[in-house]
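Comments concern the structure below.
The values are calculated or read from the model by the stated rules, or taken from the named source; none is laboratory data. Every value quoted in this text rests on a predicted model; they were computed, and no experiment measured them. No Cβ is skipped: glycine too gets one built from the backbone with ideal geometry, and neighbour counts run over all protein chains shown.
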Amino acid sequence: MATFLVTGATGLIGRQFTRLLLTREDVDKVALVVRPSSQDKLAKLVNSWPHPERVTLVTGDLGEPLLGVSEEDREKLRGVDNVVHLAALYDLTADDEASIKANVEGTAQVIALAADLNAGCLHHVSSVAVAGDHEGMFTEEMFDVGQRLVTPYHRTKFEAERLVREQQDVPWRVYRPAVVVGNSETGEMDKIDGPYYLFPAISRLAGLPDLPIVGPDLGDTNVVPVDYVAESLLALVTTKGLDGRAFHLVNPEPQPVVSVYNAFAKAAGAPTISVQLNERVSKGIVNLVKLSEHIPGFTIARDAVMERLGIPPVLLETMAFPSVFSSASTRKALIGSGVEVPRIEDYAPTLWRYWREHLDPFRARKHGPRGELDGRRVIITGASSGIGRATAIKVAAAGGVPLLVARRQHELEEVRDEIIAAGGTASVYPADLTDEESVHKAVDAMLAEHGRIDMLVNNAGRSIRRSIKLSYDRFHDYERAMAINYFGAVRLILAVLPHMSERKFGHIVNVSSIGVQGIAPRFSAYAASKAALDYFSRIAATETHGDGITFTTIHMPLVRTPMIRPTKIYDAFPTKSPDQAADMVMKALKDRPKHIGTPAGQAIGLAYTLTPGLTDAVAYQGFRVFPDSAAAGGGGGLKIGKGEQHLSRAAVALARLSRGFHW
């Protein structure tokens, strides 16, 4: 009966290998080294595997001397037959420091532990990456042949294998898997790697007509499913007389990159490459891309495009193997085991389905059958009246679930009841946006009840129309405007961003003001607070671009809501209704443009850009002809039309010319 000590049992290969190991009748005890933080996760896995009673969990960590295994545990493990080292950092994009710590220093401690335990054999899982840029045949007997190692991953896997080979304390075997993908039967995979980096791009092509596509010859790769790797590893680990040898767990024949693409494209319903350019033309294209890297700005532009597709630039260097990996000795050792490599064309549909359901980083972007808002959870602030109320009703009618936010719960409940009566769904979350605790309590409740937040409409706001001369002793006006219009909105954005970033999807709509596009006299507090939010969102959009989060700013014109009632001159101004304003918000939610505004707002903004002095002069005339309202402390209950006092014809004309502008 054999005994085993295994590192990395929570990893993809480790899970498959350990589960298979426990099915063998000649296996007595299996000790699994696990970090304290992963013990519960591994314990649950073990309970789902065959013969969990054979398993012992041993606390340890790759970064500690002797893996941090206690003296008491080491005493129990003395004379273990096999140490199987699977733990490693499998990441082409990782830096040198992280790769060295996990792959080189970690392996050194595994060797020291195996020697301390007087283990029968150290089984080290390396990688075909040790071949680096070696061109031509790379056999199982080859190792250090002067190859260049192109990434930290390549370099540290090479150095780790060197440590195993050069030590004299423990008999060893080395196993070099090719690019490992998911289980060929279940599709199970736990991370994006290898050909999976191409899946988002393939997904975007899905559904297009399968017309003949011409593509370059991108060379050969080598892909194997994890179940083949685990089964081969088990057969080789448990076979006697193989010490001091390396084994290639690879596809016997190189696989053209184009063939791998076609297998997954066919599974996804995307166009396949039917015609390949010859080798000379293909090399010319590749060399042109590499030469273009010396053109200023090219690399940044290229990487930006690849980032949008979810493809790390390092894949350009590692997509194809210059080496051809011989596996004759490995296949000979596996004779009689029944282990064979399946064809990628046969299991590609299984991998694609699993990726689409579990790993697609943009799966949260998919909406229901009724349209872009079907099933979306949309936070709407200021939802108790005006634009917010009208938007909530429209979102629910489009199949979305509005999450209603305002201070007064009973008014939100009235909106919710109206939505439910119409056959929709909505939830109420009373909150004070100026209070940190209140905002986080509401967001936590939303996530607990709905599981996700897809979109946010920052609609709640405070408008203050007062000239600066009347504000000399009213600094609190500026504080109040910033508190709700800027800090309240930012507070809520910061509360939802971590969740949206994790899901790789989110859209934030900020209801700004047409007053930001030009110069709005008497709105120094209001327009400045909205402008602050505009620029915060511009910057946030760049930093969260890679997380799939987008922003829309709506420069909203004058809307007939309770907020403008104190300003009596607005009674006859051209305005939008709350329903019309909600249509603008709906466009922002469905189409997710960067900006939505009105022709008048765009014209005012352009005028200020081209002729700022003249625009100042016109705005000053507006400041003179439109007085402060009585509510602002001025003398003005002025109206357009009949009444005790009248605005000038110039004021009437300006109000109509600058339709929707805040005067």
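Points worth noting:
- Wholly within region 79-177, helices (runs of 4 or more DSSP H) carrying at least 2 residues that are under 26 Å from PHE4 (Cβ atoms): 106-116, 152-166
- Residues that are of a type in the set (A, V, I, L, M, F, W, C) and in contact with a helix residue (DSSP H, G or I) (Cβ under 7 Å, 6 or more places away or on another chain) within region 144-179 comprise LEU149, VAL150, PHE158, ALA160, LEU163, VAL164, VAL170, TRP172, VAL174, ALA178, VAL179, listed in sequence order.
- Some residue of region 184-191 being of a type in the set (Asp, Glu) and in contact with a Leu (Cβ under 6 Å, 6 or more places away or on another chain): yes
- Hits in region 518-548 - residues which are under 29 Å from LYS504 (Cα atoms) and not in a helix (DSSP H, G or I): THR544, GLY548
- Residue pairs whose Cβ atoms lie under 6 Å apart, sitting 6 or more positions apart in sequence or on different chains, and linking a residue in region 481-504 that is of a type in the set (S, T, N, Q) to a partner that is in a helix (DSSP H, G or I) and surrounded by fewer than 21 Cβ atoms within 10 Å (Cβ to Cβ), are SER501/ASP547.
- Looking across ILE420, ILE393, ILE379, one residue alone is at pLDDT 95 or above, closer than 16 Å to ARG592 by Cα, not assigned by TED's automatic domain parsing to the domain that holds PRO200 and not hydroxyl-bearing (Ser, Thr, Tyr). It is ILE379.
- ASP40 being acidic (Asp, Glu) and not in a helix (DSSP H, G or I): no
- Every listed requirement among (1) more than 30 Å from TYR197 (Cβ to Cβ); (2) surrounded by fewer than 19 Cβ atoms within 10 Å (Cβ to Cβ) is met by LEU89 save one, (1).
- Residue list for region 160-181, filter: under 17 Å from ALA87 (Cβ atoms) and surrounded by fewer than 19 Cβ atoms within 10 Å (Cβ to Cβ): LEU163
- Check on SER184, over 20 Å from GLY8 (Cα atoms), in contact with a Pro (Cβ under 6 Å, 6 or more places away or on another chain) and either buried (at least 19 other Cβ atoms within 10 Å of the Cβ) or modelled with pLDDT of 95 or more (or both): yes
- Applying the condition of being among the hydroxyl-bearing types (Ser, Thr, Tyr) and not in a helix (DSSP H, G or I) to region 373-411 and asking which residue is surrounded by the fewest Cβ atoms within 10 Å (Cβ to Cβ) yields SER385.
- Qualifying position, being touching an Asp or Glu at 6+ places or on another chain (Cβ under 9 Å) and either on the phi > 0 side of the Ramachandran plot or part of a loop (DSSP other than H, G, I, E, B) (or both), among ASP217, ASP210, ASP243: ASP217
- Scanning region 485-506 for residues that are within 19 Å of LYS530 (Cβ to Cβ) and either surrounded by 20 or more Cβ atoms within 10 Å (Cβ to Cβ) or not β-branched (Val, Ile, Thr) (or both) yields ASN485, TYR486, PHE487, GLY488, ALA489, ARG491, LEU492, ILE493, LEU494.
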